[in-house]
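Everything on this sheet refers to the single structure shown next.
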Amino acid sequence: MSKRRLFSLKSEDETHDLGKVYSDNEATLRTFGASYMRDPKTSGSLALCNPNGKVVATFDIWIGDWTEAAET
């Protein structure tokens, strides 16, 4: 049995880890996360992580879109 490699969205605010959402499709998470963050009632931050747990993008509320993480 093969294990699927899952991307994740990690949501948190100033004091709480608000949880994670997983998918094997990065584009689905980007679309879902953007919709979530554009809701005026949403606060906090959102990070998109690759299957290894490394942050690949964060949602920038000021521009209303994803900002790619710098390569290290």
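Assorted remarks:
- Just one of the numbered conditions (1) of a type outside the set (S, T, N, Q); (2) under 18 Å from ASP60 (Cβ atoms); (3) not in a strand (DSSP E or B) is not true of ARG5: (2).
- Residues of segment 12-57 that are in a strand (DSSP E or B), surrounded by 15 or more Cβ atoms within 10 Å (Cβ to Cβ) and small (Gly, Ala, Ser): SER23, SER45, ALA47, ALA57.
- Residue count for segment 1-11, restricted to those that are without any contact (Cβ under 8 Å) to a residue 12 or more places away in the chain and surrounded by 15 or more Cβ atoms within 10 Å (Cβ to Cβ): 0.
- Filtering segment 58-71 to residues that are within 27 Å of LYS3 (Cα to Cα) and surrounded by fewer than 13 Cβ atoms within 10 Å (Cβ to Cβ) leaves GLU68, GLU71.
Taken together, the values in this text are just the output of simple stated rules run on the coordinates, not laboratory data. Quick caveat: nothing in here was measured; it's all calculated off a predicted structure. Methodologically, a virtual Cβ is constructed for each residue, glycine included, from the backbone with ideal geometry; neighbour enumeration extends over all protein chains shown.
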